[in-house]
Amino acid sequence: SIYEMFGNECCLSTGEVIKVIGFKINKLIASICENNEVSRFSAKVELPLNFPGLYKVVADKTPYVSIEEITKKVSIGPTRFGHPCFYSPEDIKLANLTIKHGEQITFNSVEEVNGTMAVNCGVVRNNQSHSFTLPLSQEGKFYECEDDQIYTLKEIAEWKIPKCRNRIVKLSNTLHTWDSSNPLPENFDGCLILTPVYEVQAVMKFRKDIVHILSDLDVEVKDITDCYDISSFLQPLSLEDVFERTSKEFPMVAEIMEGPSGSQKPYNLLHTGKEIVIYKKYQATRVLASEIRSDSPKRHFLIPPSYKGKFKRRPREFPTAYDLEIARSEKEQLHVVATKAFDSPHKELFSVSVGDQFLVQQCQTSEVLYEGRKKVIDVLACEQILSDTYRKVLLPMYMEGGFVEVIHDKKQYQLSEICKEFRLPFNVKVSVRDLSVEEDVLAAVPGLQLEEEITDSYLLISSTNSPVESWEIPVYRLNMSVHLLSKDVQAVVPPATKTTVEEISEEQYYMVRRYENQTLHPPPRPPKKPA
């Protein structure tokens, strides 16, 4: 059989030995779902894995009958996606613990315990985590727990579709406006049944790349695993696999088997067949920034601390008085202009007109008459700027108005100074571009909102043949496979590190914000306007 995929022609001749290294979902067939069944009026549509949108996974109503069935069908692994949760409708009595019926059990990893394969599990009780193991032989009914996380289609395909089962998902929010090329109906916000179409990933004796074979290719094969020396094949590793290696295994030399797409440096240098040195793995900080514009889509960037450009401040916009309180700082007084009128329902509080200017002071409480009774509410104390004097006024914290900041500060700031001196989010514009790079992508952006500092996983790499500079490459956003070479690293100390501003897609932006915000508590909601 000769077939072509991704522009590579591949011949599978009789007697060819193929080492299967993985199964991967190539695309998804989607049908609109009603009451957990395919709608009678729904046509099947093909969705690529990069189809935009974020989705919630609907818990599968069909139980698993043993722990072994779960391990065979469900992805359990070291990443943040690989910890599925199940519950049993009956108590499970263990030697030193009883798992109550309905209690959420998190599956963390599969390993050998005292010669028996088992799953490391955990339950949380009163904010305390309790760990235990369940043998693969444990039988019973195990149901999927509800999952409140949101995922991209690619993440669902990789981690959330059990083998031999379909998956129902609910559209959480779309990332792009609907257009005629979208296979889903306009304004669709319902559920979809996803049926996966697989591809087999394999390596062959005399090829240095990974071969992708669609599962419906008409080829007959025979399993010879038990009688063949598989060590003669190359072992492809993803960047996540490399990152999971222990720190003392670095530095290492590797050859790229599948390079990433993209014309941005250094991705355009990472082509198939190139040898690289991977010096170390580490966590690095970035500042997440988005273009300021009223229409979408906005551009998003991850800016390294080493960025050498300078910024000038841009006015911030505040939709409520509550936002003014959040943005207020001890370092400088916040000066704003009202862009929307507000008529106060209480005579004790101030009514705002468009164009009124205020200096924001502090949050306090005030008594107001409400339906003939005195009531204490939160207010924002401000000074209204008049032509020749100041007047103390109180704004209700629930006030929905509109304010724009007045900037008096003309100073130019480095990124590190902004992160140290001001609270993010913070609006800026590049005033002096970074001259250490050929093209500063931020310089052309009319306005940027620096949203938050994040921490991400990186590998430090350089070329083996001309190591004049080393590059940081992101582990979780770069689709790339390598195999390790048994070569010594000539220079253990990496050359000068080049860090670049990374432009990320809208989908990646949502992912970065989601993981970062999992550990943060949301700010309290602003007070509601009295009914």
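Whenever a residue of region 248-271 is farther than 20 Å from Thr499 by Cα, its partners that are among the aliphatic types (A, V, I, L, M) and assigned to a loop (DSSP other than H, G, I, E, B), lying with C-beta atoms within less than 7 angstrom and at least six residues away or across chains, give the pairs Val253/Val489; Ile256/Leu270; Ile256/Met480; Met257/Ile210; Glu258/Ile210; Glu258/Met480.
All of (1) among the aromatic types (Phe, Trp, Tyr); (2) outside the structural domain of Arg165 (by the TED database); (3) under 22 Å from the mean Cα position of the chain (by Cα) hold for Phe86 with one exception: (3).
Of all residues in region 369-401, which are open to solvent by less than 90 Å² (accessible area, probe 1.4 Å) and on the phi > 0 side of the Ramachandran plot? Matches in region 369-401: Gly372 only. Every listed requirement among (1) more than 30 Å from Glu439 (Cα to Cα); (2) in a loop (DSSP other than H, G, I, E, B) is met by Arg293 save one, (1).
Checked against (1) outside any loop (DSSP other than H, G, I, E, B); (2) farther than 30 Å from Pro345 by Cα; (3) of a type in the set (Gly, Ala, Ser); (4) open to solvent by 10 Å² or more (accessible area, probe 1.4 Å), Ser462 passes all but condition (4).
Here is the figure for region 129-174: residues that are over 16 Å from Glu69 (Cβ atoms) and either open to solvent by less than 30 Å² (accessible area, probe 1.4 Å) or under 27 Å from the mean Cα position of the chain (by Cα) (or both) total 27. On the basis of being assigned to a strand (DSSP E or B) and over 30 Å from Gln264 (Cα atoms), does Lys312 make the cut? It is false that Lys312 is assigned to a strand (DSSP E or B) and over 30 Å from Gln264 (Cα atoms). On the given criteria, is Glu317 of a type in the set (D, E, K, R), surrounded by fewer than 13 Cβ atoms within 10 Å (Cβ to Cβ) and more than 17 Å from Leu394 (Cα to Cα)? So Glu317 does not fit the description; no.
Residues that are touching a strand residue (DSSP E or B) at 6+ places or on another chain (Cβ under 8 Å), within 26 Å of Gly190 (Cα to Cα) and aliphatic (A, V, I, L, M) number at least 1 in the following strands (runs of 3 or more DSSP E) confined to region 52-107: 54-57.
Annotation note: of Ser294, Ser329, the sole residue that is open to solvent by 20 Å² or more (accessible area, probe 1.4 Å) and outside the structural domain of Asn427 (by the TED database) is Ser329.
Of all residues in region 284-312, those satisfying the criterion of being closer than 17 Å to Ser457 by Cβ and in contact with an Asp or Glu (Cβ under 7 Å, 6 or more places away or on another chain) are Ala284, Thr285, Arg286, Val287, Leu288, Leu302.
Restricting attention to region 437-459, the residues that are part of a loop (DSSP other than H, G, I, E, B), under 20 Å from Thr497 (Cα atoms) and open to solvent by 60 Å² or more (accessible area, probe 1.4 Å) total 2.
Every residue, every condition in (1) at pLDDT 90 or above; (2) in contact with a helix residue (DSSP H, G or I) (Cβ under 8 Å, 6 or more places away or on another chain); (3) not assigned by the TED database to the domain that holds Lys347, yes or no:
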{"residue": "Leu359", "(1), (2), (3)": "yes, no, no"}
{"residue": "Ser366", "(1), (2), (3)": "no, no, no"}
{"residue": "Leu380", "(1), (2), (3)": "no, yes, no"}
{"residue": "Ser416", "(1), (2), (3)": "yes, no, yes"}
{"residue": "Glu421", "(1), (2), (3)": "no, no, yes"}
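For region 226-249, the tally of residues that are surrounded by 14 or more Cβ atoms within 10 Å (Cβ to Cβ) and among the small types (Gly, Ala, Ser) stands at 1. Looking at region 485-508 only, could you name the residues that are surrounded by 13 or more Cβ atoms within 10 Å (Cβ to Cβ), out of contact with any Pro (no Cβ under 6 Å at 6 or more places or on another chain) and of a type in the set (Asp, Glu)? Scanning region 485-508 gives Glu502, Glu503, Glu507.
Residues are listed down the side, and each one gets a yes or a no for (1) of a type outside the set (Gly, Ala, Ser); (2) under 19 Å from Val287 (Cα atoms); (3) without any contact (Cβ under 8 Å) to a residue 60 or more places away in the chain:
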site: Lys410; (1), (2), (3): yes, no, no
site: Leu415; (1), (2), (3): yes, yes, no
site: Glu438; (1), (2), (3): yes, no, yes
site: Val441; (1), (2), (3): yes, yes, no
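Matching residues to (1) in contact with a Cys (Cβ under 8 Å, 6 or more places away or on another chain); (2) open to solvent by 30 Å² or more (accessible area, probe 1.4 Å); (3) under 30 Å from Lys420 (Cβ atoms):
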{"residue": "Pro251", "(1), (2), (3)": "no, yes, no"}
{"residue": "Ala254", "(1), (2), (3)": "no, no, no"}
{"residue": "Met257", "(1), (2), (3)": "no, no, no"}
{"residue": "Pro266", "(1), (2), (3)": "no, no, yes"}
{"residue": "Val277", "(1), (2), (3)": "no, no, no"}
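Being under 25 Å from the mean Cα position of the chain (by Cα), at pLDDT 80 or above and more than 14 Å from Ile21 (Cβ to Cβ) is true for just one of Pro251, Pro260, Pro236. Which residue is that?
Step by step, each of Pro251, Pro260, Pro236 is checked, and only Pro260 is under 25 Å from the mean Cα position of the chain (by Cα), at pLDDT 80 or above and more than 14 Å from Ile21 (Cβ to Cβ).
I need a count of the residues in region 328-382 that are among the acidic types (Asp, Glu), more than 42 Å from the chain's Cα centre (by Cα) and either over 20 Å from Glu400 (Cβ atoms) or assigned to a strand (DSSP E or B) (or both). Adding up the residues that qualify gives 2. For region 410-436, name all the residues that are surrounded by fewer than 16 Cβ atoms within 10 Å (Cβ to Cβ), in a helix (DSSP H, G or I) and not basic (Lys, Arg). Scanning region 410-436 gives Ser416, Glu417, Glu421. Hey, any hits in region 109-121 for a residue that's open to solvent by less than 40 Å² (accessible area, probe 1.4 Å), closer than 30 Å to Glu199 by Cβ and in a loop (DSSP other than H, G, I, E, B)? For region 109-121, residues open to solvent by less than 40 Å² (accessible area, probe 1.4 Å), closer than 30 Å to Glu199 by Cβ and in a loop (DSSP other than H, G, I, E, B): absent.
The values are calculated or read from the model by the stated rules, or taken from the named source; none is laboratory data. What you see is a predicted model; the values in this text were computed from it and never measured. Glycine also receives a Cβ, built like all others from the backbone with ideal geometry; neighbour counts cover every protein chain displayed. Each accessible area value is taken on the protein alone, full model and side chains, heavy atoms only, with ligands, DNA and RNA left out. Shrake-Rupley method; radii C 1.70, N 1.55, O 1.52, S 1.80 Å.
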